[in-house]
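Here is the structure we will look at, set down as structure tokens.
The values are calculated or read from the model by the stated rules, or taken from the named source; none is laboratory data. Note that the structure is a prediction, hence the values are computed from the model and not measured. Cβ sites come from the backbone with ideal geometry, for glycine too, and all protein chains shown count toward neighbours. We work out accessible area using only protein heavy atoms, side chains counted, and drop any ligands, DNA or RNA first. Shrake-Rupley method; radii C 1.70, N 1.55, O 1.52, S 1.80 Å.
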Amino acid sequence: MMRIFSISGMGTALCACAALLLADAPARAESLIANVNGMTLGEDGKLIRFSAMVIDDDGRVKELLNRKDKQPKDVDFRFDGKGKTLIPGFVDAHGHVMGLGFAALTLDLSRTKSLEEAQQALRDYAAKYPNRQWIIGRGWNQEAWGLGRYPNAAELDAVIADRPVYLTRVDGHAAWVNSAAMKAAGITATTKSPSGGAIERTGGKPSGVFIDKAQSLFEQAIPAPRPVEDDIALMKAQDILLSQGVTTITDMGTTLRDWQSFRRAGDKQQLQMRIISYAGDIENMVAIGGPGPSPWLYDDRLKLAGVKLYLDGALGSRGALLKQPYSDKPAEQGLALITPSQLRNKMSRAAMDGFQTAVHANGDQANAELLSAIEELQYTFKGDRRWRIEHAQIIDPVDLPNIVKTGAIASMQPVHQTSDRLMAEARLGPDRLAGAYAWNTILESGAKLAFGTDVPVESANPFPGLAAAMTREDANGQPVGGWMSAERLTRVEAWKAYTMGAAYASFAEDRIGSLTKGKRADFLIIDKDIMLAQPQEIRDITVEQTWIAGRPVFIRAAQQ
């Protein structure tokens, strides 16, 4: 068994080697990282190899050295990498920090393969925590279960009937609840679906599944976490991210409560990773940022950069807004969470005060509407705006050239393609897949690409995403040769999107994303050469150490 030790977590242990390493590493002194198989991408996107790295007393890269170069002898700290591979830390372009933390602390259904497994997991969890007023969880996926329909309240009532159960779908765009939860929220047969949401019904009564904005019907009933619980979730998320090599994460949908937790961690010097926040809609944007985006805080650990807006829902819950009806449910075409005029008003409100805009758009109609809005607004709000399209999963091929035309950035998640492949085929049919997860087409058009994971929808581990981007195959190597293989990326293209591309998408390319001179010395020690490993080997890469600003923040204990 490999034991994991994280330096960030409250109450976590450190192995002796990690403690010694920290003791030796000065807080602010010039350091030499020597004897490494180092690699990074240069500003031109080309591979740079090095054997040593000098880090200045501010935690920035001072110099990269080759074996023929003379190494400085008057450094204050020297680390021997023992020939291990060293790469820049990953920048996750789209994730949900607090969602990751709470998902790790509540009922996790993401690995269940059937309705029966989910019910048993719920039964076990309820028995383990008999005093929790509500049972909260996430991760169910009726597609992975082969259910052919949504689950219902009766199937939860059969397990837990005496207290409310609220379970979020894997994509966060639907909730599955029991009868006690509906009663606690005051939901009856007369309750209407809110705008931008849908209540699934059977015989005219709510069946127990609430899609997109219909989830808001439970907000007042579910007890809000206490600040101390928020802080525990944040530290849990940080532990996970650092152990998987994510040194910076772009937090999409930051609430004021989330931001307060981030600030408390920063004030206590517990914030090790870097968080670039995009506030959850205009209300949170104003509450957090006031007149404009925040500066970088806590030695470049935290920044409010912009606002996250939702235009449509998810493909799995048939909330993604399509130009034509769903192939497997012709009566539905998706959910518009806001109108085109509301979208333009919100984007304008953000742009007026210099906030960057990131808009969730999954379906081809949603992407077409967003690109149209960007095209209109760029004439009013000039300069380098870097409008972001979050997910960009299904785009009509006629609209793909408009991404580069508008200067928009496609912020995408490679593992979504391998997770969603069969579902996407069912939802769209074979004739509408040409613009699905079209990474190579977007990149070849000249548009910018940024990669992330959408954690906790998918694992925060970036290495499976790299492999998926290179092969368009899942962990089992299916389909052989890759799904729509023309959209595969090269190794370097995929790696760039997960590092430099993600940094550029948040105006952070001057600080992070590579290990070139002047940038933060955020790097990983890993167990394989990422340039030589086969895709399946890349999936299994282990992060042995994570360093931020030239200091170790995570060290994996040696196998006992």
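Here are the numbers for this structure:
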read-out	value
Kirkwood estimate for region 91-150, i.e. one over the average of 1/r between Cα atoms, Å	12.8
I222 versus Y379: modelled label distance in nm, points set 7 Å from Cα along the beta carbon direction	4.3
Region 38-181 pair-distance distribution - Cα-Cα, 10 Å bins, rounded %	9, 29, 15, 10, 16, 16, 4, 0
0 to 90° range, to nearest 10: angle between helix 462-471 axis and the chain longest Cα axis	80
Rounded to 10°, Cα long-axis angle of helix 115-128 versus longest principal axis of the chain	70
Sites T190 and A486, calculated FRET efficiency, Cβ-Cβ separation with R0 56 Å, nearest 0.05	0.65
Rg to Rh, two decimals, where region 28-93 supplies the alpha carbon set and Rh follows Kirkwood	0.97
Pair-distance profile P(r), taking every C-alpha pair of region 368-476, with 10 angstrom steps and integer %	14, 44, 32, 9, 1
Estimated inter-spin distance, Y129 and D353, nm [label 7 Å along Cα→Cβ]	3.5
Region 295-410: equivalent-ellipsoid semi-axes (sqrt of 5 x gyration tensor eigenvalues, Cα, Å)	27, 16, 13
Rounded percent of accessible protein surface that carbon and sulfur make up, region 278-324, 1.4 Å probe	54
In nm, spacing of pseudo-spin labels at R149 and R201 (7 Å Cα→C-beta vector)	1.7
Degrees between helix 414-428 axis and first principal axis of the chain (Cα, 0 to 90, nearest 10)	20
Rg and Dmax of region 93-249, Cα atoms only, in Å	15.8, 50
The chain: relative contact order as a whole-number percent, Cα under 8 Å and 6+ apart	18
Accessible area in square angstrom per residue, region 459-560, 1.4 angstrom probe	34
At R0 = 60 Å, FRET efficiency that the Cβ-Cβ distance of K329 and R49 yields, to 0.05	0.70
Paramagnetic reach from R67 in region 513-539 [backbone N under 12 Å; point 7 Å along Cα→Cβ]	none
Carbon/sulfur fraction of accessible area - region 380-482, other protein chains in place, 1.4 Å, %	51
Cα pair distances of the chain binned at 10 Å [whole percent]	4, 18, 28, 27, 16, 5, 1, 0
Cα Rg, Dmax, region 117-183, angstrom units	11.3, 34
